[in-house]
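Chemist: My structure is below; once you've seen it, I'll send some questions.
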Amino acid sequence: MTALMTLEQVNYRVGDKQILHDVNWEIPAGAHVTLTGPSGSGKSTLLRIIASMISKTSGELFFDGRPIEDYDPIAYRRQVSYCFQQPTLFGATVEDNVAFPYQIRKLPVDSAHVLEALTYVGLTEQTLHQKVTDLSGGERQRVALIRNILFLPKVLLLDEVTAGLDEGNKTIIHDWLRHLNQDRGVTTIMITHDTQEIAAASQLMRVVNGRLEVGK
């Protein structure tokens, strides 16, 4: 498989503290990678560098064969999308959130596409009118994920998005991520500490003391 993302000797330092050490990683297009490791080892830092949310201290990061510095940041983040552990919803309703990706692109909302996405994750058209403050944790996470993929990115970065969810919500999200990866070709990298998710991983990588290792 062709490498969609390549990291070469990537380091990240804050003051005197070295967070990441000489990370080398080729991520093939269409990969589904599970990323694990002890708390504080640098997993989230690594994903945030890939997402261009923070800048590496040194090293090279290539996306689609070009250095990350060649990309307009907004255009890049539309292709490499980051999903937080604690989803942030805004506005008053679910509809406000799913309309946002269209609004920033100055496009009309594709209602059929929105409804298809809602249905796929076990939500209904009525959900659109719900206040975001009334949603459960699992519903909030699903709405946040929908907002990220209404315009499909090439890469979806997921930072412990199933942490704290019940088994039913985890299953819904796992099935949906499998669909996005296998049927829609989205490259996915998911951080987790969940033992079942780690056991089920098709490709497992670990970050230990800021160094990237093939999972065991």
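Each value in this text was obtained by applying a stated rule to the coordinates, not by laboratory testing. These numbers come from a predicted model, not from an experiment. Counting neighbours? That spans all protein chains shown, and the Cβs are built from the backbone with ideal geometry, glycine included.
Chemist: Counting each DSSP H run of 4 or more residues in the chain as -39500 (n - 2.57), what helix-only mean residue ellipticity at 222 nm follows after dividing by all residues, to the nearest 500 deg cm²/dmol?
Modeler: The helix contribution divided over the chain gives -9500 deg cm²/dmol.
Chemist: Then there is this: Largest first and to the nearest Å, give the Cα extent of the range 3-210 along each principal axis.
Modeler: Projected onto its principal axes, the Cα set of the range 3-210 covers 50, 39, 34 Å.
Chemist: Given H placed 1.01 Å from N in the peptide plane, which residues other than close sequence neighbours of Cys83 have an amide H under 5 Å from its amide H?
Modeler: It is Leu157, Leu158, Asp159, by chain and number.
Chemist: Moving on to the next point. Name the helices (complete DSSP H segments) of the chain with a Cα length along the long axis of 27 Å or more and a Kyte-Doolittle mean of at least 1.6, or state none.
Modeler: What comes out of the filter, once short or polar helices are dropped, is none.
Chemist: Taking the number of other C-beta atoms within 10 Å as the exposure measure, put Leu46, Leu212 in order starting with the fewest.
Modeler: Fewest-to-most Cβ neighbours within 10 Å comes out as Leu212, Leu46.
Chemist: Another question about this same structure. If you take every residue apart from Val80 with its C-beta less than 15 Å away from the C-beta of Val80, what net charge results, scoring Lys and Arg +1 and Asp and Glu -1?
Modeler: +1
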